[in-house]
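The values are calculated or read from the model by the stated rules, or taken from the named source; none is laboratory data. It should be emphasised that the depicted structure is a prediction, and the values quoted were computed from it without experimental measurement. For neighbour counting, all protein chains shown are included, and Cβ atoms are generated from backbone atoms with ideal geometry for every residue, glycine included.
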């Protein structure tokens, strides 16, 4: 009886396991039916095969509860509210996906780096920290992890080559440190219906002597901003008082991103080079031949306070005051982003494509009844100091990051979740919701060919060779969390009038060098950490080729525009 009882117990347990596995695949099928349908680059058999791999790989971690964090974007809201619960049902790993501010993500990650305490099991962390991760070596480099400790939880269908942002998450050592989850670029946004109207075009040409179109340089942007500000657009069904510019200026961490996200290089500060200026990047930080930071101020060969940088800050402040709604000066990034959808903004020079989803909702003043937008996106114009080969814009790459302080079993479980939310099974649907692309297969899909006319140029941009010219912060920055906070504080002083742009940038570059000097003295970054140059007369560096530069005699060359249709043709691969 005792033996028979043991056999019965064994078969009951085996049956329970079988039922559990069956329930898992049924949960997966229910998810695919209800949520994915045909919105996947994989056929149904491929989807089920990928889901079965997750079920099998997750078995050792069933019952575990993990926590991950990302900033609050439409894409991540979809992950947290839809994909995380589905992953939990399918794998048995309970995921809490916290949505917090971008500044909070950096703060939590920095605290985990400093304390060694495991606050989150994974972060969707901007690739702007690639220089920090490479130098401090406190995150798991994924190249080694996928081949070693994480090999059993790395999907054979992951297809790293399909991710469009891995060049930005790979360090100079050739290792992949982060897995891209979503990407968006900062581009130029404008009301195509206003720009293509014959009366509007005639009035503009009569006043400025050239055609109204997509501005190629900052002079044209400024002319267009002046032209539309205060203009009665009632003859096109628009507002009685339009504005020619939109921006934000509140002293807040997001004000720093406004400038470090390539605004300075768009003005022409820094050196030529892809994906970032070399040796001087878009933060004005110079590195030596071994990629070691050597200065930020002009006295050490940096460009953070050179003439091009002063011009960049001066122009943005002037345009905010003269041509944007008065309330814009008190707004932060998230508040300002959806404002153009209200219908009274003619153009925005620094607009993130992450807001596309908010701009295509039916019934908005900027949408036509047939579902096509009245607006378009295009490359942002460049400033007077810009030259061919200088960085033209910024691309945000939010990417999955695993800290070394996270216990291995928790890191493995979190890695499964990271792959699930970026998998080929779900990526097309996720991208359809958030419009922040990460995979080439999604961009190339027939679905987005069909949807392209309703997205104002987004698909055309991401299918074009131009895409690779928009890049995140590069590896010149040795400590993004510490250095990024210096920007919003000092730029905020310039915004408020407490300091002139020159005074604010002088203070900023000196503070960046103090951070780098402390890292150098500590020795924590070893041979790839900062090695500051000795200070010299700034003229020595200004007279040398490249950045930093002297002030131009004429910072306002003739305005130049291009027809949008001609521009789109130039984007064709």
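Overview of results
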quantity: Conditions (1) within 18 Å of the chain's Cα centre (by Cα); (2) at positive phi; number of the one not met by residue 209; calculated: (1)
quantity: Those residues of the stretch 247-270 which are more than 17 Å from the chain's Cα centre (by Cα) and surrounded by fewer than 22 Cβ atoms within 10 Å (Cβ to Cβ), in sequence order; calculated: 250, 251, 252
quantity: Verdict on residue 73 being in contact with a helix residue (DSSP H, G or I) (Cβ under 8 Å, 6 or more places away or on another chain), under 26 Å from residue 334 (Cα atoms) and crowded, with 18+ Cβ neighbours inside 10 Å; calculated: yes
quantity: Test: residue in the stretch 211-225 that is farther than 30 Å from residue 169 by Cα and out of contact with any strand residue (DSSP E or B) (no Cβ under 9 Å at 6 or more places or on another chain); calculated: yes
quantity: Any helices (runs of 4 or more DSSP H) falling wholly within the stretch 418-533 and containing at least 1 residues that are outside the structural domain of residue 378 (by TED's automatic domain parsing) and farther than 21 Å from residue 172 by Cβ; calculated: 424-434, 440-443, 446-451, 458-463
quantity: Count of the stretch 463-515 residues which are without any contact (Cβ under 8 Å) to a residue 40 or more places away in the chain and buried (at least 24 other Cβ atoms within 10 Å of the Cβ); calculated: 1
quantity: Qualifying position, being in contact (Cβ under 8 Å) with a residue 60 or more places away in the chain, over 19 Å from residue 375 (Cα atoms) and buried (at least 22 other Cβ atoms within 10 Å of the Cβ), among 244, 273, 330, 284; calculated: 284
quantity: Filter pass, residue 239 being over 21 Å from the mean Cα position of the chain (by Cα) and part of a loop (DSSP other than H, G, I, E, B); calculated: yes
quantity: Residue in the stretch 207-216 that is part of a strand (DSSP E or B), more than 30 Å from residue 146 (Cβ to Cβ) and at pLDDT 95 or above present; calculated: yes
quantity: Helices (runs of 4 or more DSSP H) fully within the stretch 97-190 counting 3 or more residues that are buried (at least 22 other Cβ atoms within 10 Å of the Cβ); calculated: 102-115, 130-136
quantity: Filtered residues of the stretch 290-336 (kept if at pLDDT 95 or above, part of a loop (DSSP other than H, G, I, E, B) and over 23 Å from the mean Cα position of the chain (by Cα)); calculated: 292, 296, 297, 301, 302, 303, 305, 306, 324, 325
quantity: Among the candidates 440, 502, 485, 489, residue that is over 30 Å from residue 321 (Cα atoms) and out of contact with any strand residue (DSSP E or B) (no Cβ under 6 Å at 6 or more places or on another chain); calculated: 440
quantity: Residue 399 vs. criteria within 24 Å of the chain's Cα centre (by Cα), assigned to a helix (DSSP H, G or I) and farther than 30 Å from residue 195 by Cα; calculated: no
quantity: Residues of the stretch 1-56 that turn out to be modelled with pLDDT of 95 or more and more than 17 Å from residue 89 (Cβ to Cβ), as a count; calculated: 9
quantity: All positions within the stretch 191-235 that are surrounded by fewer than 15 Cβ atoms within 10 Å (Cβ to Cβ) and under 21 Å from residue 340 (Cα atoms); calculated: 230, 232, 234, 235
